[in-house]
Amino acid sequence: MSTPTLGLDCDVIVVGGGPAGSCAALVAARAGLDVVLIERGPFPGSKNMYGGVVYPRILDSLIPEWWLEAPIQRWVTRRSTMLLTDTQAMTVDFRSEAWGRPPYNGATAFRPDWDFWLAGHAEAAGAQILTSTTVTGLIRDASGAVVGVHTDRPDGDLRARVVIACDGVNSFLAKEAGLYTHTDAKHFTLGVKETLALPEEVIDERFNVRDRQGVDIEILGGTSGVNGGGFIYTNLDTLAVGVVLKLPALAAQKARPEDIIATLKAHPAIAPLVQGAELKEYSAHVIPEAGLEMMPKMTMPGMLVAGDAAALCLAAGIWLEGVNFAMASGMYAGEAVIEAIKAGDLGSKGLAGYERRLRDTFVLRDHRKLRRAPKLVLSDRVQHLYPAMVANTVERMFRVDNPAPKPGVRRILREERKRAGVKLSDLARDGWNGFRSFG
Amino acid sequence: MTIGSIVACLKWVAHPGEPNDERFAGMSPADQSALEFALQQGAAMGVGVVAVTVGPAGAERVLRDALACGVARAVRIHSARPMQSDDVAAAIAAVIPDATWVWCGDYSLDRGSGSVPAFLAGRLAAQQALGIISVSRSADGVIEATRRLDGGRRELLSVAAPAVVSVEGATAHLRRAGLAALRAAGKAPIEVVQSSTPAAPYDAVVHPYRPRARALAAPAGDAALDRLRALTDAGAAVSARGEQVTLEPAAAAAKIVDALKSWGYLA
């Protein structure tokens, strides 16, 4: 472990013991730096929640064969995209046995377990974890560079060469540092989730899985008219059932999230899946969903920002990912800090390696590629018009109206488009945007 | 080993609701109070406080918490397996024979029999003050302590050293550790000594005694407050039940047992 420069308490302060913070601390500590990870909860993960699926491939380089020890609930082998109207449901379902064996793909996990496990690796690498400690502000030198943090503990100032802010969505540190030029409620969604207990064998039976295989169902519609989406994830003996709601739409509609979940659970396509389940937990969290449109400046002299604090959450319809972006950005922040300390330059130029890594990898490449997706997915047409149009079209395609002959699909589409009130020009525009985003 | 005169006996306990999850383990509220009283006394007397625990290496976390709060030394008496209360007391007594003030939590969250302080006082031939809910120090070093009794009554004690004082939880709010101390505590050395008493096989789970539920008539009174008072005797002058006697310990114990039987607490 290195000896910090005179007047400094350590080399690196990482704020926040989530996936980004732990990966940053792990990488920096493995390089021999004196790292302090500050977590406001009593243990890493105690304050964190998400929907429930993690894609840990990025960990391959950090923790080889992580799947042998990671606290996984179920390995996701079925991914379904469900489209709901009040009385209809259409599901595209995919299943792969390959996702149920190493090196796996996605998995359901509880954040208090996952984050605690990951922080344990950082600690084992030499990072010191200070829990129940809240960072209350930044310490700056005369030039404005960040040189440490204030905390809520007695004599609570801590000075370091560099601070990595992984303090989550609504990052107070990134805002205090001026890295966010503006914030807007339309950039955020509210994720709310019920954890419902069912016996493991009941979940296996209802979701057609076995041997810790799991299911990820993403839902368009079913949110009581509030722009957003729903989800159902299978844990070992619980289900995560929830909705993600666009904040301004939720406020305008004066709807209560728990009522929206209740309505979703009562849907004919969902009710049989959750019947008899016992509510164990209700939780909520704000999600940064606007992608590139809301991202802050990633560095300033003496400080980097990673994870949700940097709005690195991908919400692009069929892709809803956050933890992998957090882990990757934390990892790259750690690497950039090592590079900058070696070069003796912790200014913007010295820390530029962080943004370069983000740009050159999936972290920003996926966001750039899918930059139109969040707005498209949460648009009124996709949310309120297209589900009915598609569901009615499919219903008519499969309905047998003998003695009338089967109508042509083009005719059904034309009639249902008109019935849904969708202009052809809007449909073409959205289709083109969708193609450019997802194509 | 010479141990300082003020000792805080602490225990790292699993949370009763999550007995197998180390994330929820910690120091019992009563131990937190004991540590705070010990630190206050140490500051007043200008003496460093020594924190002692009995257990495996994982139990050192309670000592690191104590170090962060300001104890001068931390000693872990190694025991790889659970021990009976008397064995715990014997092991502690063996390393603190000259302690003048020993602070304990009244009972821990996990087993909560509250017997270690009593055994410890016996082993050290020290006075014991148990169930303490407030403490003040007089000029001559004697502790003025208030003890909780049944029926909302209080007993005022003057306790002179050497003494084992066990305090209830929430009677003192443990100070918040400073950041520098917290960091230093993570790397501070902890003295480890082997237990002087072999751990007898002990796998039983002991819970504090709880009297059986008894059917009670509905309380009298028109107002809710009256009914509450009737239920709890709060605010009422309760006539003393029992008698004050002076007996040798064995005879006193027998008399207490007889009284408990006559009141229906013991079969």
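Meeting the requirement of 3 or more residues that are more than 14 Å from chain B (Cβ to nearest Cβ) and surrounded by 21 or more Cβ atoms within 10 Å (Cβ to Cβ), the strands (runs of 3 or more DSSP E) wholly within the stretch A:100-186 are A:106-108, A:157-165. When A:ARG419, A:ARG381 are checked against the criterion of being open to solvent by 40 Å² or more (accessible area, probe 1.4 Å), part of a helix (DSSP H, G or I) and within 28 Å of A:MET294 (Cα to Cα), a single residue qualifies: A:ARG381. Which members of the stretch B:107-120 meet the condition of being assigned to a helix (DSSP H, G or I) and open to solvent by 70 Å² or more (accessible area, probe 1.4 Å)? Selection gives B:PHE119 alone.
Filtered by the rule that a residue be surrounded by 14 or more Cβ atoms within 10 Å (Cβ to Cβ) and in a helix (DSSP H, G or I), the stretch A:187-201 gives A:HIS187, A:GLU200. From the residues in the stretch A:336-348 that are open to solvent by 60 Å² or more (accessible area, probe 1.4 Å) and in a helix (DSSP H, G or I), which one is nearest to A:GLY18 (Cα to Cα)? By that ranking, first place goes to A:GLU339.
Residues in the stretch B:157-174 that are under 26 Å from B:ASP98 (Cα atoms) and either of a type in the set (Val, Ile, Thr) or more than 14 Å from the chain's Cα centre (by Cα) (or both): B:LEU157, B:SER158, B:VAL159, B:ALA160, B:ALA161, B:PRO162, B:VAL164, B:VAL165, B:VAL167, B:LEU174.
If the condition is being farther than 24 Å from A:GLY229 by Cβ and assigned to a loop (DSSP other than H, G, I, E, B), then the stretch A:291-335 contributes A:PRO296, A:LYS297, A:MET298, A:PRO301, A:GLY302, A:ALA306. Among the residues of the stretch B:22-37, is there at least one that is open to solvent by 50 Å² or more (accessible area, probe 1.4 Å), over 23 Å from B:GLY141 (Cα atoms) and over 19 Å from the mean Cα position of the chain (by Cα)? Yes, because at least one residue in the stretch B:22-37 is open to solvent by 50 Å² or more (accessible area, probe 1.4 Å), over 23 Å from B:GLY141 (Cα atoms) and over 19 Å from the mean Cα position of the chain (by Cα). Checked against (1) open to solvent by 60 Å² or more (accessible area, probe 1.4 Å); (2) farther than 30 Å from A:TYR55 by Cβ; (3) in a helix (DSSP H, G or I), A:MET389 passes all but a single condition, namely (1). Mind telling me which of the residues B:ALA94, B:ALA180, B:ALA185 ends up being open to solvent by 40 Å² or more (accessible area, probe 1.4 Å) and within 14 Å of chain A (Cβ to nearest Cβ)? Only one candidate passes the filter, namely B:ALA180. Applying the set (1) assigned to a strand (DSSP E or B); (2) within 14 Å of chain B (Cβ to nearest Cβ); (3) within 23 Å of A:ALA240 (Cβ to Cβ) to A:THR77 leaves exactly one unmet item: (2). Among the conditions (1) modelled with pLDDT under 95; (2) more than 14 Å from chain A (Cβ to nearest Cβ), the only one that B:VAL164 does not satisfy is (1). Take the conditions outside the structural domain of A:ARG417 (by TED's automatic domain parsing) and of a type in the set (A, V, I, L, M, F, W, C) and apply them to A:ALA315. Does it pass? When the stated conditions are applied, A:ALA315 passes them.
Does B:ALA267 satisfy the criteria of being away from chain A (no Cβ under 14 Å) and either open to solvent by less than 90 Å² (accessible area, probe 1.4 Å) or at pLDDT below 95 (or both)? When the stated conditions are applied, B:ALA267 passes them. Among residues belonging to the stretch A:399-414 that are free of Cβ contacts under 8 Å to residues at least 12 places away in the same chain and either part of a helix (DSSP H, G or I) or touching a helix residue (DSSP H, G or I) at 6+ places or on another chain (Cβ under 9 Å) (or both), point out the one that is least open to solvent (accessible area, probe 1.4 Å). Among those that are free of Cβ contacts under 8 Å to residues at least 12 places away in the same chain and either part of a helix (DSSP H, G or I) or touching a helix residue (DSSP H, G or I) at 6+ places or on another chain (Cβ under 9 Å) (or both), it is A:PRO407.
The values are calculated or read from the model by the stated rules, or taken from the named source; none is laboratory data. Not measured: the values here are computed from a predicted model. Reconstructed Cβ throughout: ideal geometry from the backbone, glycine too, with neighbour counts over all protein chains shown. Heads up: the accessible areas ignore ligands, DNA and RNA and are worked out on the full protein's heavy atoms, side chains in. Shrake-Rupley method; radii C 1.70, N 1.55, O 1.52, S 1.80 Å.
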